[in-house]
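J.: Structure provided below as structure tokens; questions to follow.
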Amino acid sequence: VSLNESVLQLFHGSVCFTISSVAALDGRQIDYYDSEIKMLIPRQDWMKEFISGDRFKEYTEIRERVQQTNKINITVLMQQFNQTHGVHTYQRMYGCEWDNETGASEGFDQHGYDGQDFILLDMKELRYFTPVQQGVITMYKWNNNRAQLELLRQYYQYECVNWLQHFLMLRKVDLERGTPEVSLLQKDPSSPVVCHVTSFYPSGVTITWLRNGQEHDEDVDLEELLPNEDGTFQRTSFLNIPPDEWEKNQFVCEVQHRGRTFRKILTADEIKSNNSKLLINKIMPLNKMLNDIDDFAIFKVYMNAAASAAINKMGITFLRIILWQD
């Protein structure tokens, strides 16, 4: 998956009759909602602009409609599993994938009950299938409702992608206000010097080493572009020369981004040592995101290996809305 692809993913879960929801973009929580307070609380500064905008009411109404649907679903599921009491969990993961270069998009829709897959939608064939006997009745019922299936196809192909694009636009405006952070790093005196550039957006950046004012491309290794968990990017360039070489000459790491130039002169005082953690790709896997939010413990049970692998593909932009009931 390339860096131009984006994914909108929504997760719903129900344990009895109170719904809470969290939306996350690239593993970072952007809002919180539950059916008791009936409020959408922003978790990122750029979401505050969205809450004051025209589409906020529509977005909140979607959460409220999901609440009502989940109440019905968990009641029906308890009947199908011949359960009259106890605590039971209903989860749903759905969303869409969109490529901003080709315009291609694809939807997905998965339901789970008590930690197991219950019913899944095959978007190519536009029909549901189930891995459990208790899901057969629901599968036939939903597959026979061709009008509803067509509405779902329209939603995943258009409305879902529209929401994804809207949130990407809001985040883009906020990210473009930022300034690239440039650091010179070195593990030890015999290691290469690293020019590490992070927190920049959009992704286009040029990193050049200068030697005494002239471009120096020998003994230089430029690493691939990496996405950060907050939607920005990072990139590193290694200068492989011995210390006495850069002590005798002036080496400068020059970074160009969006028409602006940033420079770091290579000196012993400028180098940050033992700071290799800054070089770690800051993509946050879904599991870490869920661990950071205590109430996601129930949802973690449902995530199967296939869904987890799809969610954590490098280079994808994610918007995750996770709802559960308790």
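J.: Could you please give the count of residues in region 87-109 that are in contact with a helix residue (DSSP H, G or I) (Cβ under 7 Å, 6 or more places away or on another chain) and over 13 Å from Tyr156 (Cα atoms)?
T.: Count: 4.
J.: List pairs: first in region 113-129 and in contact (Cβ under 8 Å) with a residue 40 or more places away in the chain, second hydroxyl-bearing (Ser, Thr, Tyr), Cβ under 6 Å, 6+ apart or cross-chain?
T.: Gly115/Tyr302
Here is a yes/no grid of residues against (1) aliphatic (A, V, I, L, M); (2) surrounded by 15 or more Cβ atoms within 10 Å (Cβ to Cβ); (3) modelled with pLDDT under 70:
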residue	(1), (2), (3)
Val1	yes, no, yes
Glu5	no, yes, yes
Leu8	yes, yes, yes
His12	no, yes, yes
Ala23	yes, yes, no
Asp26	no, yes, yes
Asp31	no, yes, no
Asp34	no, yes, no
Met47	yes, yes, no
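J.: Check region 80-103 and report whether any residue there is at pLDDT 85 or above and aliphatic (A, V, I, L, M).
T.: No, region 80-103 contains no residue that is at pLDDT 85 or above and aliphatic (A, V, I, L, M).
J.: Within the bounds of region 143-152, is there any residue that is buried (at least 17 other Cβ atoms within 10 Å of the Cβ) and acidic (Asp, Glu)?
T.: No: zero hits.
J.: In region 153-162, is there at least one residue being surrounded by fewer than 19 Cβ atoms within 10 Å (Cβ to Cβ) and either closer than 19 Å to Pro227 by Cα or β-branched (Val, Ile, Thr) (or both)? Step through it out loud before you land on a result.
T.: The first filter runs over region 153-162 and keeps only residues surrounded by fewer than 19 Cβ atoms within 10 Å (Cβ to Cβ), leaving 153-155, 157-159, 162.
Checking which are either closer than 19 Å to Pro227 by Cα or β-branched (Val, Ile, Thr) (or both) leaves us with none.
The answer is no, given that none of the residues of region 153-162 is surrounded by fewer than 19 Cβ atoms within 10 Å (Cβ to Cβ) and either closer than 19 Å to Pro227 by Cα or β-branched (Val, Ile, Thr) (or both).
J.: How many residues are assigned to a strand (DSSP E or B), buried (at least 18 other Cβ atoms within 10 Å of the Cβ) and hydrophobic (A, V, I, L, M, F, W, C) when one looks only at region 253-268?
T.: 2
J.: Could I ask something else about it? Which of (1) more than 30 Å from Arg28 (Cβ to Cβ); (2) among the hydrophobic types (A, V, I, L, M, F, W, C); (3) surrounded by fewer than 17 Cβ atoms within 10 Å (Cβ to Cβ) is the odd one out, the single condition Leu239 does not satisfy?
T.: The number of the failed condition is (3).
J.: For region 156-181, give me each residue that is under 16 Å from Arg258 (Cβ atoms) and either of a type in the set (Asp, Glu) or modelled with pLDDT of 90 or more (or both).
T.: Of all residues in region 156-181, those under 16 Å from Arg258 (Cβ atoms) come to 172-181.
Listed by number, the residues that qualify are Asp174, Glu176, Thr179, Pro180, Glu181.
J.: Right, here's the next one. Would you confirm whether or not region 204-213 contains a residue that is within 20 Å of Glu101 (Cβ to Cβ) and either surrounded by 13 or more Cβ atoms within 10 Å (Cβ to Cβ) or assigned by TED's automatic domain parsing to the domain that holds Phe50 (or both)? Lay out the reasoning, then the answer.
T.: Taking region 204-213 and keeping what is within 20 Å of Glu101 (Cβ to Cβ), we get 204-205.
Among the residues that remain, those that are also either surrounded by 13 or more Cβ atoms within 10 Å (Cβ to Cβ) or assigned by TED's automatic domain parsing to the domain that holds Phe50 (or both) are: 205.
The answer is yes, given that some residue of region 204-213 is within 20 Å of Glu101 (Cβ to Cβ) and either surrounded by 13 or more Cβ atoms within 10 Å (Cβ to Cβ) or assigned by TED's automatic domain parsing to the domain that holds Phe50 (or both).
J.: Shifting gears a bit: Exactly one of (1) of a type in the set (Phe, Trp, Tyr); (2) at pLDDT below 95; (3) more than 18 Å from Arg258 (Cβ to Cβ) is unmet by Tyr201. Its number?
T.: All conditions are met except number (3).
The values are calculated or read from the model by the stated rules, or taken from the named source; none is laboratory data. Remember, it's a predicted structure, so these values are computed and weren't measured experimentally. FYI the Cβ positions are ideal-geometry reconstructions off the backbone, even for glycines, and counts take in every protein chain you see.
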